[in-house]
Every structure is written in C-alpha cells, then in structure tokens.
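Taking it in order: structure first as structure tokens, then the write-up.
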Amino acid sequence: MSDEAQAFWDGVYRGRDPSRHGEPHPALREALAPIRPGRALELGCGDGTTAVWLAARGWTVTAVDISGVALDAAAERARRAGVSSRITWQRADLRDWTTRETFDLVTALFLHTPLELDAPAVLARAAAAVRADGTLLTVGHFTLPPWAWDPHDTDGLLSASELSTALGVHEPGWRTVLAKEVPRALTGHDGQAGTVLDAVLHAVRTTTPHPPRPTTAGPAPTRS
Ligand SMILES: C[S@@+](CC[C@H](N)C(=O)[O-])C[C@H]1O[C@@H](n2cnc3c(N)ncnc32)[C@H](O)[C@@H]1O
C-alpha cells in the first residue's frame, strides 16, 4: 500500500463534508435501468455515493478505495441509508489489488489521481472480473471544467475508445453498448456553470466464445 497515495487521498476526504449529497453518475443510472441487481464491484469508491446507491437498489456491493477516511465516511453513509449489510468496504491500493471473484457489474467512476496509477491496467484487471452477461461501466474525465486547477492539463485522460482498446473490450467476447464522450453540466464551488465531457465506456461481456483462431496448416503428411 502506498503511504503517499493514502495520505494524499485521506487529506482530500478530510476536507470534505461527509454528509454532502452526491448523485450517482447519469451514465450508471441509465446503464443499470434495465438490469436486475446482482453482485457489484466498485473501484475507487471514495465516500460511497455510488456504492450506497447501488445497495439501496438491491445490489450486493464490494467497494474498494485506498483512503480510510473516505471509507469511514462511506460506511457512515451506508449506515444512515440502512444498507450496511449489503456492502463490503475494502481498503486497498489498486496498483496491486486483484480478485478471483466475478461480478455482474464492475464499475469505476473518475479513477483519477495526481499520483502514479496505471488506471488502464487497473481497469483491465477489473474487466477480467466481469462475469458472462455482466456489465462493465467506466466513466472518466475527458475534458475539465474551466475552474479546474489546470483546465488544459488533460494529459493521460483517455477517450472512451482509447480505453476500450486498452481494456480489450473492442475484441470478441464483449459487446460495446456505449463508448463515447458525453457532455455533463456541472456547477463549481462558487456557483459557476460549466460543461465537461466524460468518457463513458459501457460494455457487456457476451457468452459468445471467442471464434477459433485459424490454424496454419503444416505440410501435408506424406506416406512413404
Ligand atoms: C477522483 S476520486 C473519485 C471518487 C469517486 N469514484 C467519485 O466518482 O466521486 C478518485 C478515487 O480513487 C481513489 N484512489 C486513488 N488512487 C488509488 C489507489 N492507488 N488505490 C485505490 N484507490 C485509489 C481515491 O481515494 C479516490 O476516492
């Protein structure tokens, strides 16, 4: 576990109002509307808005984050919502986190950090945990609001299609439902209005087996 990353994110969440009311991302709400609840995995769950929302809709959730401060706030949020029994909180560094379990939904929303994190590699491991017919839903920043610290610092922010390629989701075995930059209106801390583009990748693991690879025919057997 990286002490630096944990200290950084603990500091971020210490400065937040733990009772702030967050809404799950519209892309998640839309993707899940037709899906029956099952087992969900959320990476970088922060203070638990999405995990609690999922649990309140009948999902059994495993939610992972590096920040103990965030997870304490998340657990409190779950207690207030009466869904604690449906959520397992895991404090872990996703850089070396893996799971052998499979899930009906794997999601990660804005898994960004100023510290070292190979997010596509983390998300590729997470994608491997999506069971057949299960859903992968990731959302990341593609553009930043004008009031961001450095709104033009978009290095490393992947488009949905770049992420799809990095995760192998464009290959057989997956059906892409949406891979697109989607506008989202938002309001800054001082009430400023802005619009950003979020890279949304929504894919379903299909049960279709990979087509057999063509075999290279060797020399015809000879009979002497
Ligand atoms: C930008 S926040 C997004 C939080 C939440 N998903 C949301 O949409 O509000 C990134 C989250 O990733 C977590 N995180 C960053 N680096 C991590 C790491 N190496 N391992 C686990 N979690 C990490 C942070 O603690 C933080 O909660």
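The values are calculated or read from the model by the stated rules, or taken from the named source; none is laboratory data. For clarity, every value in this text was computed on a predicted model and none was experimentally measured. Here the Cβ is made from the backbone with ideal geometry for all residues, glycine too, and neighbour counts use every protein chain on show.
Some observations on this one:
- Within the range 45-69, no residue that is touching a residue at least 12 places away in the same chain (Cβ under 8 Å) and basic (K, R) sits with its Cβ atom under 8 Å from a residue that is part of a loop (DSSP other than H, G, I, E, B) and within 12 Å of the ligand (Cβ to nearest atom) at 6+ positions apart or across chains.
Residue-by-condition table, conditions (1) part of a helix (DSSP H, G or I); (2) near the ligand (Cβ under 10 Å from one of its atoms); (3) surrounded by 14 or more Cβ atoms within 10 Å (Cβ to Cβ); (4) aliphatic (A, V, I, L, M):
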| site | (1), (2), (3), (4) |
| --- | --- |
| W9 | yes, yes, yes, no |
| D17 | no, no, no, no |
| R77 | yes, no, yes, no |
| R80 | yes, no, no, no |
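- Looking across the range 77-100, not a single residue is within 19 Å of the chain's Cα centre (by Cα) and on the phi > 0 side of the Ramachandran plot.
- Every test in (1) within 23 Å of D96 (Cβ to Cβ); (2) within 10 Å of the ligand (Cβ to nearest atom) is passed by D3 save one, and that test is (2).
- Taken together, the residues in the range 97-141 that are assigned to a loop (DSSP other than H, G, I, E, B) and closer than 23 Å to R205 by Cβ amount to 11.
- Selection within the range 195-214 - touching a strand residue (DSSP E or B) at 6+ places or on another chain (Cβ under 6 Å) and modelled with pLDDT under 90: T207
- Per the listing L144, L158, the residue uniquely surrounded by fewer than 19 Cβ atoms within 10 Å (Cβ to Cβ), in a loop (DSSP other than H, G, I, E, B) and either of a type in the set (A, V, I, L, M, F, W, C) or touching a strand residue (DSSP E or B) at 6+ places or on another chain (Cβ under 8 Å) (or both) is L144.
- For the residues T62, T88, the requirement of being more than 10 Å from the ligand (Cβ to nearest atom), surrounded by fewer than 16 Cβ atoms within 10 Å (Cβ to Cβ) and closer than 23 Å to V12 by Cα singles out T88.
- The single condition among (1) touching a residue at least 60 places away in the same chain (Cβ under 8 Å); (2) of a type in the set (A, V, I, L, M, F, W, C); (3) in contact with a helix residue (DSSP H, G or I) (Cβ under 6 Å, 6 or more places away or on another chain) that L105 does not satisfy is (3).
- Set side by side, the residues A132, A126, A121 differ, and just one is touching a strand residue (DSSP E or B) at 6+ places or on another chain (Cβ under 9 Å) and either within 15 Å of the ligand (Cβ to nearest atom) or without any contact (Cβ under 8 Å) to a residue 12 or more places away in the chain (or both), which is A126.
- Taken over the range 35-53, residues that are within 10 Å of the chain's Cα centre (by Cα) and assigned to a loop (DSSP other than H, G, I, E, B) amount to 2.
- Residues of the range 19-52 classified as loosely packed, with under 15 Cβ neighbours inside 10 Å, within 11 Å of the ligand (Cβ to nearest atom) and charged (D, E, K, R), total: 2
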